[in-house]
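Here is the structure we will look at.
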Amino acid sequence: MTSLGMIGSSAETFIENLFGMSHHFIIVIDNPTYDLGSWQKASGLTVSWEMATYRAGDQGNEFWIYPGTTKYEKITLTRPVSPTSNVTQAWLAATSANMMPLSGAILLCGPAGIPIITWRLYQFFPVSWRVGEFSAAEAKVVTETLELAHTGFLEDQIASKIPGAIKSRI
């Protein structure tokens, strides 16, 4: 193989390792005491818009449609139970006593831990947390699942109203 071919192969391997299928997610919140660490699965990064329809009374059957209210699904995070789960429990206890929405981010990282893309979350808080079933008779990984409600992850007019504490950390 020529040296040029080897360079091309190395670059492809680097890119595959960087953007390979062994992704994980890091959750960062604007209170570093409760950085929630790495998660293996994230779902619910979904946005949709309700449709607003306008029809003038003197225009016959003609009508106009516009994007309406932005709607975001709850985000569900899953990972094996680990010592980092204690941080999650401490955050849940603090949040339960004093429910205060925070801002933060979900970072999709490649196998080398390098962030590939970031979704900023505005005004999020936990809505549920659970530990999966476990049994000494079964040899399976026990997981924890955290569900978060939030007001958005798009850089739209909501973003300009939220303090920029998280921007300096990412």
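The numbers here are math on the coordinates, done by the rules we state, and not lab data. Bear in mind the structure is a predicted one, so any value in this text is a computation, not a measurement. When we count neighbours, we look across all protein chains shown, and the Cβ atoms used for this are built from the backbone with ideal geometry, even at glycine.
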> ARG79's amide H: which non-local residues (gap 5+, or another chain) put their own amide H closer than 5 Å, with H modeled 1.01 Å from N in plane and none for Pro or chain starts?
Replying inline: GLN40, GLU144
>> Suppose each label sits 7 Å from its Cα in the direction of the beta carbon; what would the LEU108-PHE125 distance come out to in nanometres?
In response: 2.9
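Could you work out the per residue convex hull volume over the alpha carbons of region 22-168, in cubic angstrom?
Working: hull volume 25.8 nm³, N = 147.
Here the figure is 176 Å³ per residue.
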>> Suppose each label sits 7 Å from its Cα in the direction of the beta carbon; what would the ASP35-VAL142 distance come out to in nanometres?
In response: 2.6
>> Can you compute the label reach from VAL87? Point 7 Å from Cα along the Cβ direction, backbone N cut-off under 13 Å, restricted to region 97-114.
In response: 105, 107
> Could the peptides 30-38, 130-138 be put in order, highest first, of the mean number of other beta-carbon atoms found within 10 Å of their residues?
Replying inline: 30-38, 130-138
> What's the extension gain from ALA52 to SER135 if we count 0.36 nm per residue and subtract their Cα-Cα distance?
Replying inline: 24.8 nm
